[in-house]
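**Q** Below you'll find the structure I mean.
The values are calculated or read from the model by the stated rules, or taken from the named source; none is laboratory data. Note that this is a predicted model, so its numbers are computed, not measured. Cβ placement follows ideal geometry from the backbone for every residue including glycine, while neighbour counts extend to all protein chains displayed. Keep in mind that these areas ignore ligands, DNA and RNA; they rest on the heavy atoms of the full protein, side chains included. Shrake-Rupley method; radii C 1.70, N 1.55, O 1.52, S 1.80 Å.
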There are 2 protein chains.
Amino acid sequence: MGDMDHALPHPEPDEIRIEAVLQALADPVRLTIVRALAESETGIACGCIELPISKSTRTHHIRTLREAGVVWVRAEGTSRISTLRREDLDKLYPGLLDGVLSARR
Amino acid sequence: MGDMDHALPHPEPDEIRIEAVLQALADPVRLTIVRALAESETGIACGCIELPISKSTRTHHIRTLREAGVVWVRAEGTSRISTLRREDLDKLYPGLLDGVLSARR
């Protein structure tokens, strides 16, 4: 992730805790965000995901995901682009993310 | 699970929701219980798991796990024996439980 803007704090892989990851995923809105990110290689500006919530609530959810170690967030101009930390999560908890993503909606 | 005492309510597999499962797992005490149950084929009386918490707190946590669909609880005499619903969870969310159980403590 060498070219990534790490202006926003992200936990290192060895700082990621399973309880925080599960807590971050255990929310319908955040699961919707994670599902959308799972379908995007390049990342998504969180404003582009269709969600019936305010911008500030959206920002709060993205922050929860970032601080738990579930997503990377980088600045691109005035946008913040989120990507799933799939590689880190698959290494730390093999199967977890696939299991969560396979759940019926 | 035909021989199981279903006096306590348990969700059917199609009633189990990923958000509730993740929420149930996203707690250090409940994760400790789930890890202990994962190592037991026959089930564990929840009093037998070493936990620095009161009996009522323990009962609350087991109830949360049961209502989310993570454990079966059956009465045996005056004890309540818990077992992990591994088959149901593995079918609903392949990889999820293994991923969670592989997390460092």
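**Q** Using a 1.4 Å probe on protein heavy atoms, which residues of the range B:10-43 have at least 20 Å² less accessible area in the complex than alone?
**A** Hits at the 20 Å² cut-off: B:17, B:18, B:19, B:22, B:23, B:26, B:28, B:31.
**Q** I'd like the Karplus ³J(HN,Hα) series for the range B:29-44: coefficients 6.51, -1.76, 1.60, θ = phi - 60°, whole numbers in Hz, and an x wherever there's a Gly or Pro.
**A** Per-residue couplings from phi come out as 5, 5, 5, 4, 5, 4, 5, 5, 5, 5, 8, 10, 6, 8, x, 9 Hz.
**Q** In debye, nearest 20: dipole of the protein assembly as shown around its Cα centre with unit charges on the Cβ of K, R (+) and D, E (-)? Present the calculation step by step, with values, prior to reporting the outcome.
**A** Details: 28 positive and 32 negative charges, 127 e Å.
Roughly 620 debye for the protein assembly as shown.
**Q** Still on this structure, I have one more. Farthest toward the dipole's positive end in the protein assembly as shown, which of A:60, A:16, A:84, given Cβ charges of +1 (Lys, Arg) and -1 (Asp, Glu) about the Cα centre?
**A** Value computed over the given set: A:60.
**Q** Give me the extension gain from residue B:102 to residue B:15: residue separation times 0.36 nm, minus the current Cα-Cα distance, reported in nm with one decimal.
**A** 28.7 nm
**Q** For the rotation taking chain A to chain B, which residue of A has the Cβ nearest the axis, and how many Å away is it?
**A** Chain A residue with minimal Cβ-axis distance: A:95, 1.
**Q** For q values of 0.08, 0.18 Å⁻¹, compute log₁₀ I(q)/I(0) with the Debye formula on a Cα-only model of the protein assembly as shown, without solvent.
**A** -0.31, -1.22
**Q** Between residue B:45 and residue A:58, what FRET efficiency comes out of the Förster formula 1/(1 + (r/R0)^6) with R0 = 41 Å and r the beta carbon distance, rounded to 0.05? Kindly include the intermediate steps, with their values, before the conclusion.
**A** Numbers: r = 45 Å, r/R0 = 1.10.
With a Förster radius of 41 Å, E is 0.35.
**Q** In Å², what does the accessible area per residue of the protein assembly as shown work out to with a 1.4 Å probe? Present the calculation step by step, with values, prior to reporting the outcome.
**A** Numbers: 11020 Å² over 210 residues.
Ligands and nucleic acids excluded, the result is 52 Å² per residue.
**Q** Turning to a different aspect of this structure: What's the total accessible area buried between chains A and B, using a 1.4 Å probe, rounded to the nearest 100 Å²?
**A** Values: alone 6440 and 6450 Å², together 11020 Å².
Interface between A and B: roughly 1900 Å².
**Q** A further question follows. Dipole of chain A, Cα-centred, from +1 at each Lys and Arg C-beta and -1 at each Asp and Glu C-beta, to the nearest 20 debye?
**A** Numbers: 14 positive and 16 negative charges, 104 e Å.
With Lys and Arg at +1 and Asp and Glu at -1, about 500 debye.
**Q** From the helices alone, meaning DSSP H stretches of at least four residues, give me the mean residue ellipticity at 222 nm for chain A, per-run term -39500 (n - 2.57), in deg cm²/dmol to the nearest 500. Walk me through the numbers on the way to the answer.
**A** Working: 5 runs with 46 residues, N = 105.
My calculation for chain A gives -12500 deg cm²/dmol from helical runs alone.
**Q** With springs only between Cα atoms under 10 Å apart, run a GNM on chain B and tell me which of B:25, B:92, B:84 wobbles the most.
**A** Among B:25, B:92, B:84, the largest GNM mean-square fluctuation belongs to B:92.
**Q** Roughly to the nearest percent, how much of the accessible area of the range B:12-102 is carbon and sulfur, given a 1.4 Å probe?
**A** Details: 2190 of 4450 Å².
Whole-percent figure for carbon plus sulfur exposure: 49.
**Q** Once the label point is placed 7 Å from Cα along Cβ, list for residue B:63 the distances to the corresponding points in the other copies, in nm, shortest first.
**A** From this label point to the equivalent ones elsewhere in the assembly: 3.4 nm.
**Q** Shortest first and in nm to one decimal, what separations exist between residue A:12 and its copies in the other chains, measuring from label points 7 Å along the Cα-to-beta-carbon line?
**A** Its label point is 5.0 nm from the equivalent points in the other copies.
**Q** Now, a different point. Place the label 7 angstrom along Cα→C-beta at residue A:87 and in each other copy, then list the distances from the first to the rest in nm, shortest first.
**A** In ascending order, 4.0 nm.
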